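> My questions all concern the structure below.
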Amino acid sequence: MEWLRLFFLHPVSFYQGAAFPFAFLFNYLCIMDSFSTRARYLFLLAGGGALAVAAMGPYAVLVFTPAVCTVALLCSLDPQQVHRWTFCFQMSWQTLCHLGLHYTEYYLHEPPSVRFCITLSSLMLLTQRVTSLSLDICEGKVEAASGGIRSRSSLSGHVCKALPYFSYLLFFPALLGGSLCSFQRFQACVQGSSALYPRYSFWALSWRGLQILGLECINVAVSRMVDAGAGLTDCQQFECIYVVWTTAGLFKLTYYSHWILDDSLLHAAGFGSELGQSPGEEGYVPDADIWTLERTHRISVFARKWNQSTARWLRRLVFQHSRAWPLLQTFAFSAWWHGLHPGQVFGFLCWAVMVEADYVIHSFANEFIRSWPMRLFYRTLTWAHTQLIIAYIMLAVEVRSFSSLWLLCNSYNSVFPVVYCILLLLLVKRKHKCK
C-alpha cells in the first residue's frame, strides 16, 4: 500500500515504529512487577542510548554530550542558579549545531545528512526537557540534587542519584518525538504501581492507528494533487493561493500523523495515562488537537493548540517571564529554537503580529457584531482568512531559504497577512483616539 510505504520511508517514523516492541516490553515488565525502580530507569536510558545510536549514528554524541553536562550542572549548582546555567549551555550547544546546518546548506550548498537532521530534532526536544527540569528545580517543584557531587558518598551513590535525571533526558519513547513530559510525571510513571492505574489501553492505541491510517490516505491524495499542479515557482496570480493552501495542507497532515505516532509510542510505554498526574498538575497533553485546529477562526487559538506541549513550554519559559513585549519575545525565541533560518525568522515574527492583530480584531468584532447571521458570516470569513494566513506562515517556516521566501512574499498570498496588519493599525489608532 502506497500510504504505508511512504509513511515508514520517513526515517523518524521508521525508528519510532521500531521502538514500539521495546515500549510494550517495558510496559509488560512494569505490569508484571518484574522491574525494580532502578531497573526501569536503566531500561529507559539504555533504550534511549540504543535508539540514538541507531537513528543518529556518530552524531548521537551531540545529544549525549549536553545530557551529561546538564546532569553535572544539576548536581553541582545551587537550585536558584540551575536554570540560568543549564539554559545558557543548552541553547548555546543547540545553536552551534544549527550553525553547522547553516554552513552545510547555505555555504557549501550541500544537502544535510538525514542522521544530522534527526540529531537536531532530538536536540531540540532535549532542550525542552532540560529547561523544563531546571525550571521545576528553580521553582521548588523538584528536589534539587545540588551538593551530590561535592558530598562524600561513593561513586555508585552519585550515579544512583543522577540516574533519574539521565533517564529522563534520554528515555527512548520521547527521544525522537512526543509531547513534553514533566520530570514529576516521568518519575510518577516510572515508580507508579500498575495495580492502581492501567498503563495503556489497547483500544486507545487502535484508535490512534486508525487515525494515522486515515491521515496517510488523505496525505497520498493531497500529494497527488500538489504534484499534478503548478509549484510556487511557476504558478500564476490567484493560482498561487491554491498552491500555498494545498502545500500547507500537506505539511499539516504530515505533522498530524507524526504527532499521533509519537503520542502512541508514549502511550504504549505507559507515559500517556493518568498515572503520572500529580494534584494540581494538568494532565497529559497530546500535540495534535486536529478538531480544534481545523475549525478555529482565531489565529491565537491556532497558536495555542498547534503542537500544544511546545506552546505551553514556550509560554512557561519565555512569555510568563517577559516584562516587555512578551508575545514578540516568545515567537522570536521560537525562531531561535527552531534554527534561525530566514524563512523561520520571517514566519514566526509574522505569526506574532498576526496573533496581536487577532486579539484586536476579534475584540472589536465581539463588541459591534450582534446579530447571529452577521456573526455566522463573520466567523466563516475569519475562518477562511485564518486558514490562509496559517498556510502562508507555514510555508515561510518550512521553505526556510531566501529564494523560496522571496517567491512567497511576491505572490498574492501576501495580501492576507497585509489585510490583518492594516486592520491592526487602524483599530489601534481608533482605540487611542477614543481614549
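> Picking from Trp325, Trp306, Trp313, which residue would you name as being aromatic (Phe, Trp, Tyr) and free of Cβ contacts under 8 Å to residues at least 12 places away in the same chain? So that I can check it myself, show each step before the final result.
Values: Trp306 fails: free of Cβ contacts under 8 Å to residues at least 12 places away in the same chain; Trp313 fails: free of Cβ contacts under 8 Å to residues at least 12 places away in the same chain.
On inspection, the qualifying residue turns out to be Trp325.
Per-residue answers, yes or no, for (1) aliphatic (A, V, I, L, M); (2) closer than 18 Å to Val418 by Cβ; (3) touching a helix residue (DSSP H, G or I) at 6+ places or on another chain (Cβ under 6 Å):
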{"residue": "Trp337", "(1), (2), (3)": "no, no, no"}
{"residue": "Leu340", "(1), (2), (3)": "yes, no, no"}
{"residue": "Val345", "(1), (2), (3)": "yes, no, yes"}
{"residue": "Val353", "(1), (2), (3)": "yes, yes, no"}
{"residue": "Val360", "(1), (2), (3)": "yes, yes, yes"}
{"residue": "Glu367", "(1), (2), (3)": "no, no, no"}
{"residue": "Arg379", "(1), (2), (3)": "no, no, no"}
{"residue": "Gln387", "(1), (2), (3)": "no, yes, no"}
{"residue": "Ala391", "(1), (2), (3)": "yes, yes, yes"}
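> Just to be sure before I move on: is Arg208 open to solvent by 30 Å² or more (accessible area, probe 1.4 Å) and either farther than 20 Å from Gln308 by Cα or out of contact with any Phe, Trp or Tyr (no Cβ under 7 Å at 6 or more places or on another chain) (or both) in the structure I sent? Explain how you work it out, then say what you get.
Numbers: open to solvent by 30 Å² or more (accessible area, probe 1.4 Å): yes; either farther than 20 Å from Gln308 by Cα or out of contact with any Phe, Trp or Tyr (no Cβ under 7 Å at 6 or more places or on another chain) (or both): yes.
Against the criterion (open to solvent by 30 Å² or more (accessible area, probe 1.4 Å) and either farther than 20 Å from Gln308 by Cα or out of contact with any Phe, Trp or Tyr (no Cβ under 7 Å at 6 or more places or on another chain) (or both)), Arg208 qualifies.
> Related question: Being assigned to a helix (DSSP H, G or I), closer than 20 Å to Gln16 by Cβ and touching a residue at least 60 places away in the same chain (Cβ under 8 Å), is that true of even one residue in region 94-112? Write out each step before concluding.
In the first step, residues of region 94-112 are kept if they are assigned to a helix (DSSP H, G or I); the result is 94-107.
Cutting the leftovers down to closer than 20 Å to Gln16 by Cβ gives us none.
No, region 94-112 has no match at all.
> OK, next. Scan region 297-313 for residues that are under 13 Å from the mean Cα position of the chain (by Cα) and open to solvent by 20 Å² or more (accessible area, probe 1.4 Å) and report the count. Write out each step before concluding.
Here is the first cut: in region 297-313, the ones under 13 Å from the mean Cα position of the chain (by Cα) are 303-313.
Those left that are additionally open to solvent by 20 Å² or more (accessible area, probe 1.4 Å): 303-307, 311-312.
The qualifying residues number 7.
> Looking at Leu407, Leu423 in this structure, which one is among the aliphatic types (A, V, I, L, M) and either surrounded by fewer than 13 Cβ atoms within 10 Å (Cβ to Cβ) or more than 18 Å from Val355 (Cβ to Cβ) (or both)?
Values: Leu423 fails: either surrounded by fewer than 13 Cβ atoms within 10 Å (Cβ to Cβ) or more than 18 Å from Val355 (Cβ to Cβ) (or both).
The conditions single out Leu407.
> Going residue by residue through region 152-164, is there one that turns out to be in a helix (DSSP H, G or I) and at pLDDT 90 or above?
The first filter runs over region 152-164 and keeps only residues in a helix (DSSP H, G or I), leaving 155-164.
Applying the additional criterion that residues be at pLDDT 90 or above yields 163-164.
Yes.
> Leu74 - would you say it is in contact (Cβ under 8 Å) with a residue 24 or more places away in the chain and in contact with a Cys (Cβ under 9 Å, 6 or more places away or on another chain)?
no
> For region 157-180, which residues satisfy the criterion of being open to solvent by less than 20 Å² (accessible area, probe 1.4 Å), under 21 Å from the mean Cα position of the chain (by Cα) and of a type outside the set (Phe, Trp, Tyr)?
Hits for region 157-180 are Ser167, Leu169, Leu170, Pro173, Ala174, Leu175, Leu176, Gly177, Gly178, Ser179.
> Going by the conditions given, is Cys434 under 28 Å from Arg315 (Cβ atoms) and either open to solvent by 20 Å² or more (accessible area, probe 1.4 Å) or modelled with pLDDT of 90 or more (or both)?
On the way: under 28 Å from Arg315 (Cβ atoms): no; either open to solvent by 20 Å² or more (accessible area, probe 1.4 Å) or modelled with pLDDT of 90 or more (or both): yes.
For Cys434, the condition - under 28 Å from Arg315 (Cβ atoms) and either open to solvent by 20 Å² or more (accessible area, probe 1.4 Å) or modelled with pLDDT of 90 or more (or both) - is not met.
> What's the number of the only condition in (1) open to solvent by 10 Å² or more (accessible area, probe 1.4 Å); (2) at pLDDT 90 or above that Pro111 fails to meet?
That leaves (2) as the condition not met.
> A further question on this structure: Can you tell me which residues in region 336-352 are under 10 Å from Val399 (Cα atoms) and open to solvent by 20 Å² or more (accessible area, probe 1.4 Å)?
Correct list: Pro342 only.
Residues checked against (1) farther than 30 Å from Ile218 by Cβ; (2) in contact with a Cys (Cβ under 6 Å, 6 or more places away or on another chain); (3) open to solvent by 10 Å² or more (accessible area, probe 1.4 Å):
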| site | (1), (2), (3) |
| --- | --- |
| Ala18 | no, no, yes |
| Cys30 | yes, no, no |
| Ala46 | yes, no, yes |
| Gly57 | yes, no, yes |
| Thr86 | yes, no, no |
| Met91 | yes, no, no |
| Leu96 | yes, no, yes |
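> Would you confirm whether any residue within region 216-239 is within 22 Å of Ser309 (Cβ to Cβ), open to solvent by 20 Å² or more (accessible area, probe 1.4 Å) and outside any helix (DSSP H, G or I)?
No; the residues of region 216-239 include none that is within 22 Å of Ser309 (Cβ to Cβ), open to solvent by 20 Å² or more (accessible area, probe 1.4 Å) and outside any helix (DSSP H, G or I).
> Now a separate question. Filter region 217-266 down to the residues that are modelled with pLDDT of 90 or more and more than 27 Å from Ser414 (Cβ to Cβ) and list them by number.
Cys217, Ile218, Ser257, His258, Trp259, Ile260, Leu261, Asp262, Asp263, Ser264, Leu265, Leu266, listed by residue number.
> Still on this model: In region 317-330, what residues are modelled with pLDDT of 95 or more and over 16 Å from Leu349 (Cα atoms)?
Leu317
> Do you know which of the residues in region 206-259 that are aromatic (Phe, Trp, Tyr) and over 19 Å from the mean Cα position of the chain (by Cα) is farthest from Ala384 (Cα to Cα)?
Start the filter on region 206-259 by keeping residues that are aromatic (Phe, Trp, Tyr), which leaves 207, 238, 242, 245, 251, 255-256, 259.
After this cut, where a residue has to be over 19 Å from the mean Cα position of the chain (by Cα) as well, the list is 207, 238, 242, 245.
Values: Trp207: 29, Phe238: 15, Tyr242: 13, Trp245: 11 Å.
Only one residue tops the list, namely Trp207.
> List the number of the failed condition for Arg40; all other conditions in (1) open to solvent by 60 Å² or more (accessible area, probe 1.4 Å); (2) of a type outside the set (Gly, Ala, Ser); (3) farther than 21 Å from Gly140 by Cα hold.
(1)
The values are calculated or read from the model by the stated rules, or taken from the named source; none is laboratory data. As the structure is a computational prediction, the values presented were derived from the model and not from experiment. Here Cβ is always computed from backbone atoms with ideal geometry, including for glycine, and neighbour counts include all displayed protein chains. All accessible areas refer to the heavy atoms of the entire protein, side chains included, with ligands and DNA or RNA removed. Shrake-Rupley method; radii C 1.70, N 1.55, O 1.52, S 1.80 Å.
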